[in-house]
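A short worksheet on the structure shown next.
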Amino acid sequence: VQLQAYGGGLVQAGGSLRLSCAASGRTTGNYVMGWFRQAPGKEREVVAVISRRGVATYYADSVKGRFTISRDDAKNTVSLLMDSLKPEDTAVYYCAASSSVYLAKLKYQYDFWGQGTLVTSPA
């Protein structure tokens, strides 16, 4: 499956942004979908994960209550709504697809990655 993330940009702290990830090649319904991010000089970290059919979600503590992951398998898309953005949310955000049957939270569990989209939230 090919993944294309988009929607990044510059948003002042406290603002909102919605990232989307479009899949092609195979339906997203076959995969657990996740969003990761990588800030300059840091390791790539999980942000949010959504199970097949969207029955379960996982959020990193740093974004819990501010970010919302959702999926629309009919449109082969996954979204990440980011509210109350903070400067520490500044990073390149990646969407990824996992064949895992569980909520996959580790990078190695993901089989396919999008190219990343930059989110910048200055103070």
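The values are calculated or read from the model by the stated rules, or taken from the named source; none is laboratory data. Owing to the predicted nature of the structure, the values given are computational and were not obtained by experimental measurement. Here Cβ is always computed from backbone atoms with ideal geometry, including for glycine, and neighbour counts include all displayed protein chains. Only protein heavy atoms, including side chains, enter the accessible area calculation; ligands, DNA and RNA are left aside. Shrake-Rupley method; radii C 1.70, N 1.55, O 1.52, S 1.80 Å.
Structure values in brief
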quantity	calculated
Listed residues 84, 39, 21: farthest to the positive end of the dipole of the chain (Cβ charges)	21
Using alpha carbons only: equivalent-ellipsoid semi-axes of the chain, gyration tensor based, whole Å	22, 14, 13
Loop sites in segment 1-100: GluC sites (Glu not before Pro), DSSP, at most 13 other Cβ within 10 Å	43
Reachable aspartates and glutamates, given that their alpha-carbon falls under 12 Å from the alpha-carbon of residue 105 and they are not under 8 places away in the same chain	45
Inter-centroid distance (Cα atoms) of segment 1-69 relative to segment 72-123, Å	2 Å
Accessible area, probe 1.4 Å, largest first, for residues 31, 6, 102, 94	102, 6, 94, 31
Separation in nanometres of the label points that stand 7 Å from Cα toward Cβ, at residue 1 and residue 106	2.1 nm
Dipole moment magnitude, nearest 20 debye, the chain about Cα centre, only Lys, Arg, Asp, Glu C-beta charged	180 debye
Residue-normalised accessible area of segment 40-123, expressed per residue, 1.4 Å probe, Å²	53 Å²
Kirkwood hydrodynamic radius (C-alpha pairs) into Stokes-Einstein, segment 1-61, 20 °C and 1.002 mPa s, D in µm²/s	160 µm²/s
5 angstrom amide H check on residue 15, placed H, neighbours 5+ away	85
Shape box of segment 68-123 [Cα atoms, principal axes, largest first, Å]	39, 26, 20
Residues of type lysines that residue 42 reaches as a straight line, Cα spacing below 16 Å, ignoring anything fewer than 8 places off in the same chain	107
